[in-house]
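Trainee: Mind looking over this structure? Questions follow.
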Amino acid sequence: MKVISKEELYFFNQGKLFDAYRIFGAHVKYDKEGVLLGTRFTVWAPHAKEVSVLGEFNDYQAWVHNLEKVDKSGVWSIFIESAFEWAKYKYEIKTFDARTLYKSDPFAFFSSERPDTLSKVYNLEGYEWNDSLYMKNRYTINLYESQMSMYEVHLGTWMTKPDGTFHKYNEMVDLLIPYLLENGFTHVELMPVVEHPLDQSWGYQGTGYYSATSRYGVPKDLMYFVDQCHKNNIGVVLDWVPGHICRDDHGLYMFDGEPLYEYAEEWKRENVVWGTANLDLGKGEVQSFLISNALYWMKYFHVDGFRIDAVSNIIYFLGDSSNGQNDGAVEFLKSLSTQIFKEFNNALLIAEDSTAYPKVTHPVDHGGLGFNYKWNMGWMNDTLEYFEKDCVYRKYHHDNITFGLTYAFSENYVLPLSHDEVVHGKHSLVDKMPGDYWQKFANYRALMGLFFTHPGKTLLFMGGEFAQMHEWKDSTELDWNLLNYPIHKGANRFVSDMNKVVKAHKALHELDHSSDGFSWIDSNNSNHSIFSFVRHSKDTNDFIIVILNLTPLVHHDFRIGAPKAGKYYEVINSDYAVYGGSDMFNGEDIFTEEIEYNGLPQSMKIVLGPLSITLLKCGE
């Protein structure tokens, strides 16, 4: 039986074999009656002198099963009748300079649990999906005009068992999904679930790109988790790291004794800051490996898309524009997006990009990179910098909030309050806030209000939804006990209610990526640190007025211009007592007066609570 055809090999070398996982790795073979025939092992190792597979089926004696080099470009293969599903194995690679390497399978579908570094034979086929309705609807909805509120989760530390061990993927179904529904999140973004050796790497230094990490169970358990998310109308996004790999001996690094998946040039390869090695994304075989991997997760695990880590490190060598643009890597990104959207037209492809590189979220045939979303790192940095200021000094930094609206519609943005902002001494969201204990929480609620009402989709890291006081701890679960305290329970209720308000009002999500969806009422009131704006839907009569008061001063008769005459009511106010506020709110209908203000022909007087956000809607 031929392992790989000349055409397939050509496409693999050219970076255009988009189902490479079908050929490489360990594939269990059965006869028509379902009787196991054995397993075929295939690996790419062009610099190897000899390749053997050792495992449970040969008592880990490498000399028993030597792979055959099936072509000159370095594809090796063997069929072993005694190899069974779940069997552990590794490749032994002998180099021409007399070294012996022991490597995990780059295409392994499953792996042994750490600290073991062996791969496992695993049959991916056979899971019966129950998400057909979700998958059908996924191709018809308009992503850009729908609410998208993502909850970023590290599965190992969201919630642990009483003994501190991890819950399995299938166990998370009854824990995480009800929580997502209760809090109104539309998507869950999982921090990397590829196999990785060290818990504290959070998955960003992977060794098994095709292997759902065994920490949390078997691959079909992950399929079940995604399936159940979809049955509850929750999308699943994977954090995906195509730019760099860990340097552990058993991984991809120097796989056959020489640079193979990574750059040959040391200065391009060695990412000293992260202690990782950069993949050579301009190399055809690496492109085939990675693009196949993305499509693999979408086809076999039904994931909705990816958040691509460290795009700046991909666009520019070592993430530094002074090193020049990495043209090969840029072409990889274009090929990746082209293939994903060719097969999955409504996929999510989100760039975590801190550069000003143009047209990141524009289609490839329009000169873009082909992502359909990009993290708005500028908004995140400017906004957090503003909120960290003592209220007395905020008037001098007013443009931290207003500046982002000058470019808010240049790309399709996601507003990220991610794990990166609550680690390494940066403090948790609520602990970043100035003032006494009450003011910290009031500031936090105002921040959350701006987060949900600003143009763009949203992503919030776990713990942020109930104002966890401590930074994220990557070795223990979230501080769930805080929900026993009214101030944290109120914070959580506000986030949950804001998610539901955004869903209920098209004006807060329908035109997130169009300047037609936003207009200022007053962007210049720096002396009082007050901001007021309107969010619009396609229906010109449907809009929400948003007012932020970012000092502790209460304004009882604050006049504000209104885009339409009539009766207004308060949709939500972060100063409600139920959220932990002082209960300074607009409890009765508010009527406009024919008094020109803020450049509008009518206006009204409202109450603004301290450090609060208020949403108003016209009730005709």
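Trainee: Could you give every pair whose Cβ atoms fall below 8 Å, whose first residue belongs to the stretch 20-45 and is more than 15 Å from TYR89 (Cα to Cα) and surrounded by fewer than 22 Cβ atoms within 10 Å (Cβ to Cβ), and whose second residue is modelled with pLDDT of 95 or more and basic (Lys, Arg), counting only separations of at least 6 or pairs across chains?
Mentor: Every condition considered, the pairs that remain are LYS29/ARG40.
Trainee: When the stretch 136-165 is examined, which residues are found to be at pLDDT 95 or above and outside any loop (DSSP other than H, G, I, E, B)?
Mentor: TYR144, GLU145, SER149, MET150, TYR151, GLU152, VAL153, LEU155, GLY156, THR157, TRP158, THR160
Trainee: Out of everything in the stretch 466-492 that is among the polar types (S, T, N, Q) and either assigned to a loop (DSSP other than H, G, I, E, B) or in contact with a Leu (Cβ under 6 Å, 6 or more places away or on another chain) (or both), what residue ends up being modelled with the lowest pLDDT?
Mentor: So the first thing to find is which residues in the stretch 466-492 are among the polar types (S, T, N, Q), and the list is 468, 475-476, 481, 484, 492.
Cutting the leftovers down to either assigned to a loop (DSSP other than H, G, I, E, B) or in contact with a Leu (Cβ under 6 Å, 6 or more places away or on another chain) (or both) gives us 468, 475-476.
Working: GLN468: 98, SER475: 91, THR476: 94.
Here the answer is SER475.
Trainee: State whether the residues of the stretch 213-232 include one that is in the same structural domain as GLN325 (by TED's automatic domain parsing), of a type in the set (Lys, Arg) and either crowded, with 24+ Cβ neighbours inside 10 Å or out of contact with any Asp or Glu (no Cβ under 7 Å at 6 or more places or on another chain) (or both). Break it down stepwise before answering.
Mentor: Residues of the stretch 213-232 in the same structural domain as GLN325 (by TED's automatic domain parsing): 213-232.
If we keep only those that are of a type in the set (Lys, Arg) too, we end up with 215, 220, 231.
Filter once more, so that each one left must be either crowded, with 24+ Cβ neighbours inside 10 Å or out of contact with any Asp or Glu (no Cβ under 7 Å at 6 or more places or on another chain) (or both): 220.
Yes, the conditions are met somewhere in the stretch 213-232.
Trainee: Can you list the helices (runs of 4 or more DSSP H) lying wholly within the stretch 200-310 that have 1 or more residues being closer than 30 Å to LEU133 by Cα, in contact with a helix residue (DSSP H, G or I) (Cβ under 7 Å, 6 or more places away or on another chain) and of a type in the set (Ser, Thr, Tyr)?
Mentor: Details: elements: 219-231, 266-269, 284-301.
The qualifying helices (runs of 4 or more DSSP H) are 219-231, 284-301.
Trainee: Of all residues in the stretch 526-547 being touching a residue at least 40 places away in the same chain (Cβ under 8 Å) and surrounded by fewer than 16 Cβ atoms within 10 Å (Cβ to Cβ), which is nearest to ILE572 (Cα to Cα)?
Mentor: Per the criteria, the residue is ASN541.
Trainee: Moving to a separate point now. Please determine, by comparing only the residues of the stretch 500-524 that are out of contact with any helix residue (DSSP H, G or I) (no Cβ under 6 Å at 6 or more places or on another chain) and farther than 16 Å from LEU405 by Cα, which one is surrounded by the fewest Cβ atoms within 10 Å (Cβ to Cβ). Don't jump to the end; show me each part of the working.
Mentor: Initial filter on the stretch 500-524 (out of contact with any helix residue (DSSP H, G or I) (no Cβ under 6 Å at 6 or more places or on another chain)): 500-501, 503-507, 512, 514-522, 524.
From the residues that got through so far, the ones that are farther than 16 Å from LEU405 by Cα too are 500-501, 503-507.
On the way: LYS500: 15, VAL501: 19, LYS503: 15, ALA504: 12, HIS505: 20, LYS506: 21, ALA507: 23.
Ranking the qualifying residues of the stretch 500-524, first place goes to ALA504.
Trainee: Here are some residues: VAL360, VAL430. Which one is closer than 23 Å to TRP472 by Cβ, in contact with a Lys or Arg (Cβ under 6 Å, 6 or more places away or on another chain) and not in a strand (DSSP E or B)?
Mentor: Details: VAL360 fails: closer than 23 Å to TRP472 by Cβ.
On inspection, the qualifying residue turns out to be VAL430.
Trainee: Filter the stretch 61-94 for residues that are modelled with pLDDT of 95 or more, more than 38 Å from the chain's Cα centre (by Cα), over 26 Å from GLU7 (Cα atoms) and in a loop (DSSP other than H, G, I, E, B) and give the result.
Mentor: HIS65
Trainee: Determine which member of the set LYS617, LYS567 is of a type outside the set (Asp, Glu) and over 40 Å from the mean Cα position of the chain (by Cα). Let's see the steps before the verdict.
Mentor: On the way: LYS617 fails: over 40 Å from the mean Cα position of the chain (by Cα).
None of the other options fit; the residue is LYS567.
Trainee: Out of the residues in the stretch 487-505 meeting the condition of being basic (Lys, Arg) and in contact (Cβ under 8 Å) with a residue 60 or more places away in the chain, tell me which one is nearest to TYR579 (Cα to Cα).
Mentor: Only one residue fits best here, namely ARG493.
Trainee: Also: Checking the conditions here, which among LYS136, LYS231 is closer than 19 Å to ASN346 by Cα and free of Cβ contacts under 8 Å to residues at least 24 places away in the same chain? Write out each step before concluding.
Mentor: Details: LYS231 fails: free of Cβ contacts under 8 Å to residues at least 24 places away in the same chain.
When all the criteria are applied, what remains is LYS136.
Trainee: TYR413 - would you say it is over 25 Å from the mean Cα position of the chain (by Cα) and of a type outside the set (A, V, I, L, M)? Lay out the reasoning, then the answer.
Mentor: Working: over 25 Å from the mean Cα position of the chain (by Cα): no; of a type outside the set (A, V, I, L, M): yes.
The answer is no for TYR413.
Trainee: Let me ask something additional. Return the residues of the stretch 11-40 that are polar (S, T, N, Q) and within 22 Å of SER52 (Cβ to Cβ); say none if nothing qualifies. Talk me through it step by step, then tell me what you get.
Mentor: Of the stretch 11-40, the ones polar (S, T, N, Q) are 13-14, 39.
Correct list: THR39 only.
Trainee: A further question on this structure: Might you check whether a residue that is polar (S, T, N, Q) and under 18 Å from the mean Cα position of the chain (by Cα) occurs anywhere in the stretch 219-236? Show your work before the answer.
Mentor: Residues of the stretch 219-236 polar (S, T, N, Q): 228, 232-233.
From what's left, under 18 Å from the mean Cα position of the chain (by Cα): 233.
Scanning the stretch 219-236 turns up at least one residue that is polar (S, T, N, Q) and under 18 Å from the mean Cα position of the chain (by Cα).
The values are calculated or read from the model by the stated rules, or taken from the named source; none is laboratory data. From a predicted model like this one, the values you see are computed outputs, not experimental measurements. Counting neighbours? That spans all protein chains shown, and the Cβs are built from the backbone with ideal geometry, glycine included.
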